[in-house]
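These notes concern the structure reproduced below.
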Amino acid sequence: MEEPRLPSVVIVGRPNVGKSTLFNAITGRRRAIVTDEPGITRDRIHGEAVYRGRRFEVVDTGGIVPQESAEIPSQILKQARVALERASHIIFVIDGRTEITAADLELARLLRQLGKPVSLAVNKIDVPSRESLIHDFHSLGIADVFPVSAEHHLGLDELLEHVTEGFPVSEEEEAAAAIRVAIIGRPNVGKSTLLNALVGQERAIVSPIPGTTRDAVDETVVHEGVRYVFVDTAGIRRKGKTRLKAEKLSVVMARRHIRLCDVALLVLDAGEGVVGLDATIGGYAHEEGRAIICCVNKWDLRKARERESFEQHVRSELKFLDYAPVAFVSALTGAGVPALFGLVRQVYESASRRIPTGELNRMLADLKVQVEPRILYMTQTGVRPPTFLLFTDRPEPLHFSRERYLINEIRERFGFQGTPIVLKTRWKRSRARSR
């Protein structure tokens, strides 16, 4: 039986308006192998993308440079004919920095005649001052207009939310939407016992012998309507202590599962306290941008009144994880384990949070300390981890102290408990300087 075709989103527009950049931005995170399709045209490129569980095909119709500019609209449609016939949605890309041309008007007219859903992506809108120009593009007669910057990944959420509305959510993507939780830590801190306590059965081999777990073991649990996939990774040792080939492979796989997880449970041993290797392992998850919970296991070996001082010990030894909540559990007795589900969900939602650009720039205006280089504009470009792009008036990077100040302000204003925050800067060259 032939598999049903994916919904198809076709990108069209005049040459040099940013179609390929938009194609790469849409397919860049989870894309299939992209190749030129032989046949009708060597310029048409196909790829796959997923947005909020909706898988779809993306077609970049490529650029056309005919001898006469008046031929551009008809040439574009001729080249894209096959793709447009099966298109579920068409994205018409136009350069927001240039005036509307006769060719744009003609292409818009031809696209409207196809009877397909069409969205207008006004590209290269990467500063607030240009957003005010958007109303000019309604003259093309396309109702759904979206300002975007394909290069900087700005405005893509709004565009894709509209374009993919009504596309089916595949069972595979629904399963992938589960919160993936990697249980990480050095050997013999109780990772496998914790996995068994979370899933309620003896799933992983439990042994007091360090290094019992060689492979990653995963188990799916549905708790209060939320699907969790817990992965018990092999204990990570220092490179010098992983002489055996199987142990070395275990470390490689454990680090791979950290990269693929949404939330990392860093398991610490209450009996031994925080040691240097705990910081190393936590650093792996921090560097990968994973949401993190510091999970102090074997708390049944300590007294309840020691909790505050032990948490201070954790904070002191793991200063770079100051954003990570600390949970006290006993995997052996089950104490504190049920509360981990809610905490995992909380940090996952925190890492997935998006802040509107307007709110971010209002925060900038309210800053009590002047940040140099001066930040002209700020927008969120990604989640898990929350990633923010700062446009500055000079090319030099932010000093680490100023970066730390900004991150603290973002946390105070918007939360983001349990997740690292990434700041990226881009020098916004003024027109006066570029002349």
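The values are calculated or read from the model by the stated rules, or taken from the named source; none is laboratory data. Computed from a predicted model, the values in this text were never measured in an experiment. Because the Cβ atoms are built from the backbone with ideal geometry, glycine has one as well, and the counts that use them run over all protein chains shown. Just so you know, the surface numbers come from the protein's heavy atoms only, side chains and all, with ligands and any DNA or RNA stripped out. Shrake-Rupley method; radii C 1.70, N 1.55, O 1.52, S 1.80 Å.
For the reader, a short list of remarks on this structure follows.
- Filtered residues of segment 272-321 (kept if among the polar types (S, T, N, Q) and under 23 Å from ILE407 (Cα atoms)): THR280, GLN312, SER316
- Helices (runs of 4 or more DSSP H) within segment 131-208 that include 2 or more residues at pLDDT 85 or above, open to solvent by less than 60 Å² (accessible area, probe 1.4 Å) and of a type outside the set (S, T, N, Q): 156-163, 191-199
- Verdict on ARG97 being open to solvent by 30 Å² or more (accessible area, probe 1.4 Å), closer than 19 Å to VAL148 by Cβ, touching a strand residue (DSSP E or B) at 6+ places or on another chain (Cβ under 9 Å) and at pLDDT 85 or above: yes
- One residue stands out in segment 385-411 among those that are aliphatic (A, V, I, L, M) and either in contact with a His (Cβ under 8 Å, 6 or more places away or on another chain) or not in a strand (DSSP E or B) (or both): the one that is farthest from ARG353 (Cα to Cα), namely LEU398.
- Test: residue in segment 423-432 that is part of a strand (DSSP E or B), open to solvent by 80 Å² or more (accessible area, probe 1.4 Å) and in contact (Cβ under 8 Å) with a residue 60 or more places away in the chain: yes
- Filtered by the rule that a residue be polar (S, T, N, Q) and at pLDDT 90 or above, segment 259-307 gives a lone residue, ASN297.
- The one condition in (1) at positive phi; (2) of a type outside the set (Asp, Glu); (3) at pLDDT below 90 that THR357 fails to fulfil: (1)
- Of the residues making up segment 300-307, none is among the hydrophobic types (A, V, I, L, M, F, W, C) and either surrounded by 19 or more Cβ atoms within 10 Å (Cβ to Cβ) or touching a Pro at 6+ places or on another chain (Cβ under 6 Å) (or both).
- Residue, modelled with the lowest pLDDT, within segment 65-94, restricted to residues that are in a loop (DSSP other than H, G, I, E, B) and within 33 Å of the chain's Cα centre (by Cα): ALA80
- Of the strands (runs of 3 or more DSSP E) that lie entirely inside segment 288-384, those containing 1 or more residues that are in contact (Cβ under 8 Å) with a residue 40 or more places away in the chain and within 30 Å of VAL148 (Cα to Cα) span 291-297, 375-382.
- Pair list, Cβ < 6 Å and 6+ apart or interchain, from segment 143-160 residues that are over 15 Å from LYS124 (Cα atoms) and hydrophobic (A, V, I, L, M, F, W, C) to residues that are modelled with pLDDT under 90 and in a strand (DSSP E or B): LEU160/TYR51
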